[in-house]
Amino acid sequence: MTDLVVRRLLIDLKPPFARDWCGGDAFSSAVFNALSMSFPYGEQFFIDAVRDTVDMLAPELQARHKAEVKGFIGQEATHRRIHALFNEQLERQGLVDHWTPRAMARMKTLEGNDPRHALAITAATEHFTAMFADWLLAHPQVLDGAEPRLRTMWFWHSAEESEHKNTAFDLYAAAAGSQAWRTRWFRRVTMIFLTDLARQTVTNLRHEGQLWKLSTWRSAARILLGRDGLLRSNLPSWRAYFRADFHPSQHDSDLAGRWLADNAAMFEPVNALRPAAS
Ligand SMILES: [Fe+2]
Ligand SMILES: [Fe+2]
């Protein structure tokens, strides 16, 4: 079991930021903006999936997973809140989120089904976010030139994604979720997630008038397909999910722990804010 701390991030997202806030790079700003748009709805979906499945477990299993699930829910709820503030700025910039309505319509089709389907989707997406998070922490230069508060937000979210990457997966195993469903959903999530991300990124770039600029596509090739690029360097981790003996902890997350230790001044543990019971 992982001991998950809920942290309140000490940054102010009220002041506006530049449209090309990611170091003046149109492509990476558009990708990060697209991801942020997907978080408030997506992370609520993860919270609901985890909560619904933990209720299905036998009491002794519930007791074993309860503390970690509580930490997971606290972390994802905090991410949602921060990204909603970030997304308010994007809205003011005129960007339109088409991803959330699409995701909502799709997830409606799951209603009334075994909650382990939603949990398999959550575990699959959490593997994606953990891959992205570990990649970003290993390549912090991607955020060079971004304002410190925005760098902090993305690194903090990445560190916590890496920190809680086992939770949904372990819960799925505890709920006797099948291996076949797990890999089937991962394949579908891969298709849907990458298509949605690409569509929203293109929409964002078009809005900014950056879609047909050579510099945008050069940046896309470098960030996605370069030797250390997001897609190319994560291919082995993506493939690993199909192995029967896969577990998220097989991929080390030292960078997440190090970032959290080095940046402790940037957040407050939420539990420490509560007055001691008398
Ligand atoms: Fe998150
Ligand atoms: Fe997560």
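The values are calculated or read from the model by the stated rules, or taken from the named source; none is laboratory data. Not measured: the values here are computed from a predicted model. Cβ coordinates were reconstructed from backbone atoms using ideal geometry, including for glycine residues, and neighbour counts include every protein chain displayed. Keep in mind that these areas ignore ligands, DNA and RNA; they rest on the heavy atoms of the full protein, side chains included. Shrake-Rupley method; radii C 1.70, N 1.55, O 1.52, S 1.80 Å.
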**Request:** Kindly list the number of the only condition in (1) over 30 Å from Asp3 (Cα atoms); (2) open to solvent by less than 20 Å² (accessible area, probe 1.4 Å); (3) in a helix (DSSP H, G or I) that fails for Glu161.
**Result:** (1)
**Item:** Single residue of region 4-51 satisfying the filter (assigned to a loop (DSSP other than H, G, I, E, B) and among the acidic types (Asp, Glu)) that is least open to solvent (accessible area, probe 1.4 Å)
**Value:** Asp25
**Residues located in region 36-63, provided they are of a type in the set (A, V, I, L, M) and more than 12 Å from ligand 2 (Cβ to nearest atom)** = Met37, Val54, Met56, Leu57, Ala58, Leu61, Ala63
**Message:** Can you tell me which residue is nearest to ligand 1 (Cβ to nearest atom) among those in region 106-127 that are assigned to a helix (DSSP H, G or I) and at pLDDT below 95?
**Reply:** Met107
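Check Arg81, Arg92 and return the single one that is more than 23 Å from Ala198 (Cβ to Cβ) and within 16 Å of ligand 2 (Cβ to nearest atom).
Result: Arg81 is the single residue among Arg81, Arg92 that is more than 23 Å from Ala198 (Cβ to Cβ) and within 16 Å of ligand 2 (Cβ to nearest atom).
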**Prompt:** Taking into account only those residues within region 52-73 that are touching a Lys or Arg at 6+ places or on another chain (Cβ under 9 Å) and within 15 Å of ligand 1 (Cβ to nearest atom), which is least open to solvent (accessible area, probe 1.4 Å)?
**Reply:** Val69
**Complete:** Taking region 143-153 and the residues there that are open to solvent by 30 Å² or more (accessible area, probe 1.4 Å) and part of a helix (DSSP H, G or I), the one that is nearest to Phe186 (Cα to Cα) would be Arg151
**Message:** Considering only residues that are open to solvent by less than 50 Å² (accessible area, probe 1.4 Å), outside any loop (DSSP other than H, G, I, E, B) and touching a residue at least 40 places away in the same chain (Cβ under 8 Å), which ones fall in region 234-253?
**Reply:** Asn234, Ser237, Pro248
**Fill in**
Picked from region 89-105 (must be open to solvent by less than 80 Å² (accessible area, probe 1.4 Å) and assigned to a helix (DSSP H, G or I)), the residue farthest from ligand 1 (Cβ to nearest atom) is Ala105
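Among what's in region 119-138 and is farther than 19 Å from Leu197 by Cα and open to solvent by less than 30 Å² (accessible area, probe 1.4 Å), pick the residue that is nearest to ligand 2 (Cβ to nearest atom). Explain how you work it out, then say what you get.
So the first thing to find is which residues in region 119-138 are farther than 19 Å from Leu197 by Cα, and the list is 119-120, 137-138.
Going one step further and asking which of them are open to solvent by less than 30 Å² (accessible area, probe 1.4 Å), we end up with 119-120, 137.
Details: Leu119: 13, Ala120: 15, Leu137: 14 Å.
Among them, the one singled out is Leu119.
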